[in-house]
Amino acid sequence: MRLSLRFIVPLALALGAIAYGVAPLVDQLTLKWFVRDLDIRRNLVASAVQEPLVELLTDNTRDRVRLQRVQALFTRILQDERLYALGFCDGAGKLVYRTAFLPAEVHCRAPGAPAEEAGRVLKHAGGALHVGATPVLAEGKQLGELLIVHDMSFIERRSADTKTYIVYLFAAIGAVIALITVVIAELSFRGWMAGIKALIRGQSLALSPEPKSRELRPIARDLEAMVRELEAERRQRDESQISWTPENLRGILREDLKGDEILIVSNREPYIHVREDGRLEVQRPASGLVTALEPVMRACSGTWIAHGSGGADREAVDAQDHVMVPPEKPAYRIRRVWLSREEEAGYYYGFANEGMWPLCHIAHTRPVFRASDWEHYRTVNRRFAQAVEQESRTANPIVLVQDYHLALLPRLIRERLPQATIIAFWHIPWPNPEAFGVCPWRVELLEGLLGSSILGFHTQFHCNNFFDTVDRTLEARIDRETSTISFGGDLTEVRRYPISIEWPPAPLAAQAPVAECRAAVRRALGLGEEVRLGVGVDRLDYTKGILERFAAIERLLELEPHWIGRFAFLQIAAPSRSSIEEYQSLEARVRAAAQRINGRFGAPGYQPIVLKVEHHDAGEVYACYRAADLCCVSSLHDGMNLVAKEYVAARDDERGVLILSQFTGAARELSEALIVNPYDTEQCAAALRVALTMPPDEQRDRMRSMRSLIQEFNVYRWAGRMLLDAARMRNRRRVGAARVGAKVVDLRRA
Ligand code: F6P
């Protein structure tokens, strides 16, 4: 009501004001009309008077009598209330007869002056008068002119009345228009508001079950497009400007995903329970995947489903196989999935690590494919799918499926939870179609992965290889422009998400200053303060190029013997997949190479290569990073390699040099490292020399640049970008579903 009044009153006033402004124009117009009417009237009066007047004028009576008679005639005629005065001018232009009120300003026309056709308006003290002269003729001869003066005050009265009516009329029209508008607006208002609110919430106007304002739909569509654009712009701006932190990630979960449920699924679990000396101990496995995802999970909470592979894992879980972690400050829970020895042998050691791992890495180790391994792989993937179904509290959770152990899982989840948003991330390289083509179950693997909503790789190169592989293997529609693959009715976005580490890394907080780390690590290794130290931290895996690294060290000592006794290399090698023959053989070869080189260049109290094949916790590894003058990452092929990023992150003193294989994903980001081809021993030896002699200023410049990159492109951004994409996708699906719903309603109504 208040709104209506606020609208009607101003509109009525506005129209009234317009009317008031228009009134003078109306005045002028009506005056013209009335003057024309008075001219006509004057002619009528003149023709009515003509005959008796001529009679009197041509009568032979005396002048005095004639005067009286003419006066009487004039008085009679003046009874018409609009006639004000009359006069008669003779042929010489002399006023011979007149009524009393003939104004002094009214004169006879001078002889020979042109006659006036139309009357004129005379402003007189009593008001306006209309004065006109009409010739009086007798038998074609002009006797004189009759002056007829009309009173125009009635026009002024009428004009004032008209003005008032016009103002009232406009005001009334205004009020009626406003009232109609308000009624329509009121009726539409709620529909609009509901639609606009829905739009702002990221839904569509079409969401209202029965849109009331059809005429507004084009506006709504524009508005919707605009909101989308703004939203996309905001995202891009946010992504480039935000410094990503656990809080930002939580914000995305809260606002963009509206608190939706998050499940992570991987083979490797983030915490392993073991018994040591009778005590239940917790260990963190050496795994790039765990390094990256654990901080994300700490920020997001949720459930992490993984293989319970620790010797004492069963002792730590509750009746639902759950355990809260991290032990010191529980933030999320692990759901452990149990596998039999045979299943683990077939699925993990066999198909995943003897088949898929060498298939995807170009490290010249032949993949082995066994049908029995494949069967276990399928069984275990189904087991994980079952666990996902059991753990999801809603029908549409966000499930983050990790790595090559679970390639079939996305489709299996899609079958069980069609509404789920499934993000699969492939932590290792994706090979070219020829290489992948040797896998007997390539079709099933691809079909499994294409159950994902989003499929992520570290680099665009891996995405392209995946597109090419699908192109060669399946009947699928690939759209490289939008980076999507449509297969079997499902759409998968294939995108690049380079993984990273948390910033600042948690293990750094407990570290001593660099000088203390240098001294402590050298002391522990039995090295003098002056000895330059290199470090390598890897799983003991043939893809890591450990033998190639040792060959480069050997070559350096050959070429520049002054480094003997003055340079040592600490190789931390976490035992990995040791049931596999290839890995056992690698360990033997690595040990042998270290022994041989140490035999060649070592001396009592000095070994150029210090090989530690054992598990180190993150604190110990970070102390070594801080103690080392250089870090060597010489992978033959690596999806990303987070050791490279960890080394840079550990060096808050901006010192140290990173030697990095060109075949890692990390080399695409960390271009200030000394980039090498690990197969080129001479080049790697030269890189070692450059690193050992690099001036502190240059070390600082390179470190500073790499550190700022890792700080910005940290793991929270990695996870955040994927989750934002998932949120966008979920929102789009919600809108799509609502549109379909609205169409169904329309059809039913039709
Ligand atoms: O970083 C690559 C990766 O394969 C991870 O996916 C895996 O968790 C890690 O290496 C360690 O391997 P595993 O889990 O077999 O010990």
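Brief remarks on what is shown
- Ser372-Glu516 FRET efficiency (beta carbon distance; Förster radius 56 Å; 0.05 resolution): 0.60
- Virtual spin-label span in nm between Glu342 and Asp63, 7 Å along Cα→Cβ: 15.6
- Its residues counted as N, the range 422-539 yields a C-alpha radius of gyration over 2.2 N^0.38 Å of 1.63.
- Projected label distance in nm at Val183 and Asp680, using a 7 Å step from Cα toward the beta-carbon: 8.5
- Accessible-area value, Val438, 1.4 Å probe, nucleic acids and ligands omitted, Å²: 90
- Label-reachable residues, the range 564-608, where backbone N falls under 12 Å from a point 7 Å from Val531's Cα toward its Cβ: 564-571, 602-608
- Most tightly packed first, judged by the mean number of other beta-carbon atoms within 10 Å of their residues, the peptides 324-331, 547-554 read 547-554, 324-331.
- Where no second cysteine Cβ lies under 4.7 Å, the cysteines concerned in the chain: Cys300, Cys360, Cys439, Cys463, Cys517, Cys624, Cys631, Cys632, Cys684
- Model label sites at Ser243 and Ala92, defined 7 Å from Cα along the beta-carbon direction, differ in position by 11.6 nm.
- Ratio of Rg to Rh for the chain: 1.47 [Cα atoms; Kirkwood radius as inverse mean 1/r over pairs].
- Set of the range 322-361 residues, backbone N closer than 12 Å to the point 7 Å along the Cα-Cβ line of Asp617: 327-328
- Alpha-carbon centroids, the range 523-587 and the range 638-661: separation in whole Å: 16
- Per-selection Rg to Rh, the range 517-620 - Cα, Kirkwood hydrodynamic radius: 0.97
- Rounded to the nearest 0.05, the FRET efficiency derived from the C-beta distance between Thr484 and Thr394 at R0 = 30 Å is 0.75.
- Å² of accessible area per residue within the chain, as computed with a 1.4 Å probe and no ligands counted: 48
- Relative intensity, log₁₀ I(q)/I(0), of the range 255-360 from a Debye sum that treats every alpha carbon as a point, q = 0.13, 0.16 Å⁻¹: -0.53, -0.77
- Amide H contacts for Ile264 (H built 1.01 Å from N in the peptide plane; partners 5 or more residues away or on another chain; cut-off under 5 Å): Thr303, Trp304, Ile305, Leu400.
- Note on Asp652/Glu475: beta-carbon distance plugged into 1/(1 + (r/R0)^6) with R0 of 56 Å gives a FRET efficiency of 0.60.
- Taking each residue as 0.36 nm, the span from Glu698 to Arg382 lengthens on full extension beyond its C-alpha to C-alpha distance by 108.5 nm.
- Out-of-range pairs (alpha-carbon distance over 28 Å; input Lys329/Lys612; Lys329/Lys544; Lys258/Lys645; Lys94/Lys141): Lys329/Lys612; Lys329/Lys544; Lys258/Lys645
- Of the complete DSSP H runs in the chain, those spanning 15 angstrom or more by Cα along the long axis with a mean Kyte-Doolittle score not below -0.5 are 2-58, 63-77, 153-200, 288-300, 514-525, 546-559, 681-693, 715-749.
- Computed extension length for Val438-Ala110: 105.5 nm, one decimal, from 0.36 nm per residue of separation with the Cα-Cα distance subtracted.
- Contour excess over end-to-end distance, with Cα ends at Met324 and Asp277 and 0.36 nm allotted per residue: 14.6 nm
- Quarter of Cα convex hull surface for the range 621-741, i.e. mean projection, nm²: 9.2
- Note on the chain: antiparallel DSSP beta bridges, both residues inside, total approximately 45 percent of the bridges counted.
The values are calculated or read from the model by the stated rules, or taken from the named source; none is laboratory data. Note that the coordinates shown come from a computational prediction; the quantities given were computed from them, not determined experimentally. Positions of Cβ are generated from backbone atoms using ideal geometry, with glycine treated the same way; all protein chains shown enter the neighbour counts. Accessible surface areas use protein heavy atoms only, side chains included; no ligands, DNA or RNA. Shrake-Rupley method; radii C 1.70, N 1.55, O 1.52, S 1.80 Å.
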